[in-house]
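Inspection log for the structure reproduced underneath, given as structure tokens.
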Amino acid sequence: MENEIEILLVEDNPDDLAMTLRALNKANLSNRIQVARDGVEALDFLFAEGAHAGRGLHHTPKVVLLDLKLPRVDGMEVLRRVKTDPRTKLIPVVVLTSSKEQKDVVDSYQLGVNSYIVKPVNFERFATAVAELGMYWVLLNQPPHL
């Protein structure tokens, strides 16, 4: 479909959200992004519940960019729910976080994350990282067609 969401960006920090959107825009990847500012919004979108009830569940994003430190429902729980539900477990999830804690890295991979990226502090490096991962997951990655 022409208007399908390609990227679900789950980020509560307004500065990080603005930087990520700016980086995706610079890479011409910003026209089909859905933003969720906490874990509940992310889960509602992915499972077509709450404010997104009635949205077709078969229209899944090509990738979820997921922060771990989120209000209401944290990123680990979002990841757990996505990767344990047969309807969403094949959606690629990239953790994009400031956490360098080894426990977070290990826990994320044990839950099935596809990639774990620590946000660079420098904007140019951050913009490059976001653009590259957006290009890979949206344009290059071949998802299964079920």
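Where a number appears in this text, it was derived from the coordinates with a stated rule and is not lab data. Everything numeric here is computed off the predicted structure, so don't read it as measured data. Note: ideal-geometry Cβ built from the backbone for every residue, glycine included; neighbour counts use all protein chains shown.
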Note the full-extension length gain between V105 and R125 as 0.36 nm times their separation in residues minus their Cα-Cα distance, in nm to one decimal. 5.1 nm
Express in nm, to one decimal, how much length is gained between L139 and N25 on full extension, taking 0.36 nm for each residue of separation and deducting their alpha carbon distance. 39.6 nm
Sorted from fewest to most neighbouring beta carbons within 10 Å, what does the list I117, I33, I7 look like? I117, I33, I7
Percentage relative contact order, the chain, counting C-alpha pairs under 8 Å, at least six apart: 26
In nm, the gap between the two label points placed 7 Å beyond Cα toward Cβ at K89 and R32 is 2.6
Connecting every pair of Cα atoms under 10 Å apart in the chain and solving the GNM, the largest mean-square fluctuation among E132, E101, E77 falls on E101
So for segment 49-108, Kirkwood radius off the Cα pairs, Stokes-Einstein at 10 °C and 1.306 mPa s: how many µm² s⁻¹? 125
Once you charge only the Cβ atoms, +1 for Lys and Arg and -1 for Asp and Glu, what is the size of the charge dipole of segment 7-140 about its Cα centre, to the nearest 20 debye? 380
